[in-house]
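This report refers to the structure that appears directly beneath it.
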Amino acid sequence: MSGEDISVLLDEKRIFKPKEELVNQTNVKQWMDIHDIKDDKELYKKAGNWEWFWEEISKDLVEWYEPYKKVVEWKVPYVKWFVGAKYNIVHDAVDKHVKTWRKNKVAFIFEGEPGDVKKITYNDLYIEVNKLANSLKKLGVKKGDRVGIYLPMILELPIAMLACAKIGAIHSVVFSGFSAIAFRDRVNDCDAKVVITCDGFWRRGTKVYLKQQADEALENAPSVKHCVVVKRTGDGIPWTPSRDVWWHDLVFNSPKECETERLDANDPLYFLYTSGTTGKPKGIIHAHGGYAVGTAYTLNWVFDMKDTDIWWCAADIGWVTGHSYIVYAPLILGATSVLYEGAPNWPQPDRWWEIIERYNVTLLYTSPTSIRLFMKYGEDWVKKHDLSTLRLLGSVGEPINPEAWIWYYKYIGNENCPIMDTWWQTETGHFVISPLPITPLKPGSASHPLPGLAADVINEEGKPVQNAGGNLVITHPWPGMLRGIHKAPERYEKTYWSKFKGLYLAGDVTRKDSDNYFWIQGRADDVLKISGHRIGNSEVESALVSHPLVAEAAVIGKPHSLKGESISSFVVLKKGVEPSDSLRIKLQQHVSNELGKIAKPDEIWFVSDVPKTRSGKIMRRVIRAKALGEEVGDISTLANPEAVDEIGKAV
Ligand code: WT7
C-alpha cells in the first residue's frame, strides 16, 4: 500500500451506525438476550472469559459423538480444542440435516458459466457424498491418507471435500487457476494417494483443459495411485487406463449409505497451501472440531445467517475463503448457497447482478478487487437489476479503500446494507477481526476482534501501540487456529511464534485508532497481495531464475488501482544473453507456467545487477523505494550501491 493510501485511511472519519430495527433481530442480539447481556460492551467483556464463551457458543452449533473433557489445551505454540471429543465435521455439515426438515432444503444453487443450473438439496448432497466416500474407500483411501483435489467451481468440489472428511482422509485442494507445476509440488509435499480433477471447465467463454494439466503434474508424482476425473465439458481427453477413472463410473452402483468415521475432534481435516516469504508454500493444517465451531460461529454472527437467507460467498473454493465460507460454515448452519463457476464479467459486466436478482441473494461476500472491477464498469450495469433482496455485504482479502467501500455501500447495498470487512487468514481459519451487524462502521477498518477472539497492535519491543503502525498479533488461541505446517514444525514456530513470546504474529502492519478500531495496512513481510491472493516475492523470483537464460531476479509489489498490488520484477540475464521484448514475454509466460496466471509479472525490467547486502541478500525494500520514487535511505552498507541507480534508470 502506498503512503498516499495510508494517509487517506488516516483521514477517514465517517461512521455508519447500524439501524435500530436491524439490530434487534440479529442472531448476536438474540444470543445476548438469552444470556442477559445488555449491550455490546458487556458482550465483549463477558467473552473475554474465552473458555466459557467457546463452550457456550459450541452448544448451539455442533453435535459431538462423544463429549469433550476439556474446552482447550494450550501449550505454546500448539493448541487442542474440545479435547477428548469424538467428532466429524461432516456430521454437522451434512448428516444431521437429513434427519430434520432441512433434508429437502437446497444446499447449493449451482450456475455454470454457460448458464446451466443445478440445485441440490441436503439429501442429494448426503447421497453424493456417501457414494463418493464409499468409492474412495474402494480405491484404498484410509483415515489419515491425503487426497489432492484440483477442481474448478463445480458441485463435485464440495462433494469431494466432504467425502474425504467423511472417511477421515485429509483433503488438499489446489486452486484450479494454479499451474500443473504448482499442483505437482503440493501433491508431492503431502504424498497424495489419490487425486480428483475434471476434463475441463469454462472460463470467460473458453474451455480450460484441466486434465491435461493434471496429467503433466502426475508425470512426477509417485505417491498418486489413482486419478478420479469428473466429466464437465465432455471433450476428449488424454487417458491413462491403469490410473484414471471417471467419477461417474466410480460412483455408479456405489452404496448410498456410508458411515461417518468417528474421529478425534483434533484430527486433521485438511491441508491448504499458502505462500510465505520463502519459495516454498506452507501446507497449513486445520482440524475438525475447533474449525467447525469457529467457522460456523463467525458466519452466524457476522453475516447473521437465517434459514430464509440466500448466501453467496463469491470466492473460489480453492482458497481458504471458499473452504470456510462456501463449504463448511454454511453447511453446518444449514444454509442455501450460490456456487458460480465462471468469470464475473462474462458475458457482460452485470453477470453477478443478474445472479443476485435471479436467486434473490440476501448476503454477498466478496473482495475489494472485485468491487473495484465493478466500479470501473460503472453503476449503470448495477442499476439494470433489482438487488433489493440484499441485506448484508462483506469484504475480505485485502484492505478495502474507503472509496470502494462507499461505492459498494451506495450502489450494491442501496445504502441499506452494513458492510462486514472481515480480517483473517488461511492460518486463522475464520474471521478474527470483523464488525458485527450491531457495530458502528468506519469505512476501511475491520473494526474490532470478535467476541471470544483477541488481537493487539504492538511495536518491535512488544509494547501495545495506539494511533501508530505496529505488528498485528493474536493474543490467545482461537478454535480455528492452524495446527501447524505439514512436515515443517520449525517453520511453524519460527514464522508465527518466535518474534513475540506466546503471541501469534500475523504479518500485517496495523494501526489501532483512539476508538480501538483496527486499520490493517498491508503485509509487513515479503508477501504480495495480488487481487487479495497471497504470493511470495521469492516464489516469483525462484520461478524467474528457473528459466535457463536468467541469472538473478528481484520482485517487488507496486500499488495497483484494481488488483491492490501488481508484480514488478528486475531480471539479470546470464552472460551474453541480449534483452528483448520477446524474451520479456517468454519470461512472463514462464512464470505463469510455473506458478499460475495470477503470479505472472506485470512488468519485467532488465538490469545488469540488483542491489544486495554484503551477505548477498537482495534488498527488495531499497528496490521498491527506488522504483516508486520514494526516499531510499542509507545504502552505504550495500555491496553494490551503483545497482540502485540502475533500478532508477530502468523504470
Ligand atoms: C492476508 C491473509 C482470509 C481469506 C482471504 C485471504 C490480508 C485479509 C483482510 C481485510 C485487510 C486483509 C491480510 C492477511 N487480508 N482480509 N479484511 N483487510 N487485509 O487469505 O491468502 O491467507 O491472506 O490477507 O494481509 O494477512 P490469505
Subject >> Among G470, H226, P399 the positive-end extreme of the charge dipole of the chain (Cβ point charges) >> reply: H226
Original post:
Ordered by packing density, taken as the mean number of other Cβ atoms within 10 Å over each peptide's residues, highest first, how do 625-636, 244-255 rank?
Top reply: 244-255, 625-636
Original post:
For the chain, with every protein chain kept in place, what is the accessible area per residue (1.4 Å probe, Å²)?
Top reply: 39
**OP:** Could you tally up the Lys pairs in the range 366-480 with alpha carbons closer than 28 Å? Skip any pair fewer than 8 positions apart unless they're on separate chains.
**Re:** 8
Subject >> Calculated P(r) tail over 25 Å for the range 236-385, as whole % of Cα pairs >> reply: 51
**OP:** Among the aspartates and glutamates, select those whose C-alpha is under 13 Å from the C-alpha of K575, and discard any that sit fewer than 8 residues away in the same chain.
**Re:** E552, D609
Subject >> Sulfur and carbon atoms: percent of accessible area, the range 526-650 [1.4 Å] >> reply: 51
**OP:** Inverting the mean 1/r over all pairs of different Cα atoms, compute the Kirkwood radius of the range 22-110 and quote it in Å.
**Re:** 15.7
**OP:** Please give the residues of the range 206-225, grouped as numeric ranges, whose backbone N is less than 20 Å from a label point set 7 Å along the Cα-to-Cβ vector of S592.
**Re:** 206-217
Original post:
Near the amide H of G536, under 5 Å away, which other amide H atoms are found, from residues 5 or more places off or on another chain, if H is placed in the peptide plane?
Top reply: G276, L528
Original post:
Nearest 0.05, what FRET efficiency do E460 and T277 give at R0 = 22 Å with Cβ-Cβ as r?
Top reply: 0.80
Original post:
Once the piece of chain linking A488 and E55 is laid out straight, how much longer is it, given 0.36 nm per residue of separation minus the C-alpha distance between them?
Top reply: 152.8 nm
Subject >> ³J(HN,Hα) computed for each position of the range 557-572 - Karplus, 6.51 cos²θ - 1.76 cosθ + 1.60, integer Hz, glycine/proline x >> reply: x, 10, x, 9, 5, 9, 8, x, 9, 10, 9, 10, 10, 10, 10, 9
Original post:
When only Cα pairs under 8 Å and 6 or more residues apart are kept, what is the percent relative contact order across the range 426-568?
Top reply: 18
Subject >> Full-extension gain in nm, T206 to S615, via 0.36 nm per residue minus C-alpha separation >> reply: 142.4 nm
Original post:
Considering only the chain, what is the antiparallel percent among its DSSP beta bridges, to the nearest 5?
Top reply: 60
**OP:** Extending each Cα 7 Å along its Cβ direction at K119 and E63, get the distance between those two points in nm, one decimal.
**Re:** 2.5
Original post:
How far is it, in nm, from the label point at T475 to the one at N220 when both lie 7 Å from their Cα along the line to the Cβ?
Top reply: 4.7
Subject >> q = 0.08, 0.12 Å⁻¹: log10 I(q)/I(0) that the Debye formula gives for the chain, counting C-alpha atoms only >> reply: -0.58, -1.40
**OP:** Once you've got the Cα coordinates, tell me which of K193/K231; K59/K529; K80/K306; K193/K487; K70/K280; K17/K46 are over 28 Å apart.
**Re:** K59/K529; K80/K306; K70/K280
**OP:** Pick out, from S275, V622, A287, the residue whose Cα sits farthest towards the positive end of the charge dipole of the chain, with +1 on the Cβ of Lys and Arg and -1 on the Cβ of Asp and Glu.
**Re:** A287
Original post:
Rounded to the nearest 500, what is the chain's calculated 222 nm mean residue ellipticity when only DSSP H runs of at least 4 contribute -39500 (n - 2.57) each, over all residues?
Top reply: -8500 deg cm²/dmol
**OP:** Please turn the phi angles of the range 601-613 into ³J(HN,Hα) values with the Karplus equation 6.51 cos²θ - 1.76 cosθ + 1.60 (θ = phi - 60°), one per residue in order, whole Hz, x for glycine and proline.
**Re:** x, 6, 9, 10, 10, 8, 9, 8, 6, 10, x, 9, 6
Original post:
If you take the beta carbon distance between K384 and D235 as r and set R0 to 25 Å, what does 1/(1 + (r/R0)^6) give as a FRET efficiency, to the nearest 0.05?
Top reply: 0.15
**OP:** Evaluate E = 1/(1 + (r/R0)^6) for Q348 and D307, where r is the Cβ-Cβ distance and R0 equals 30 Å; express this FRET efficiency to the nearest 0.05.
**Re:** 0.40
Original post:
Which whole-number percent gives the relative contact order of the chain, counting Cα pairs below 8 Å spaced six or more residues apart?
Top reply: 13
Original post:
If you take the alpha carbon radius of gyration of the range 526-650 and divide it by 2.2 N^0.38 Å, what ratio comes out, to two decimals?
Top reply: 1.00
**OP:** With θ set to phi - 60°, apply the Karplus curve 6.51 cos²θ - 1.76 cosθ + 1.60 along the range 191-205 and write out the HN-Hα couplings as whole Hz, x wherever there is a Gly or Pro.
**Re:** 6, 5, 8, 10, 10, 10, 9, 9, 4, x, 7, 9, 8, 6, x
**OP:** Find how much the distance from I15 to E631 grows on full extension, using 0.36 nm per residue of separation minus their present alpha carbon separation; answer in nm with one decimal.
**Re:** 218.3 nm
Subject >> Dipole magnitude of the chain, debye to nearest 20 (Cβ charges: Lys/Arg +1, Asp/Glu -1, about Cα centre) >> reply: 1140
Original post:
Between L549 and E415, how many nm apart are label points set 7 Å from Cα along the C-beta direction?
Top reply: 5.7
**OP:** Please state the charge dipole magnitude for the range 526-650, taken about the Cα centre, from unit charges on C-beta atoms (+1 on K and R, -1 on D and E), reported in debye and rounded to the nearest 20.
**Re:** 300
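The values are calculated or read from the model by the stated rules, or taken from the named source; none is laboratory data. Note that the coordinates shown come from a computational prediction; the quantities given were computed from them, not determined experimentally. Virtual Cβ from ideal backbone geometry, glycine too; neighbours counted across all protein chains shown. Heavy atoms of the whole protein, side chains included, go into the accessibility calculation; ligands, DNA and RNA do not. Shrake-Rupley method; radii C 1.70, N 1.55, O 1.52, S 1.80 Å.
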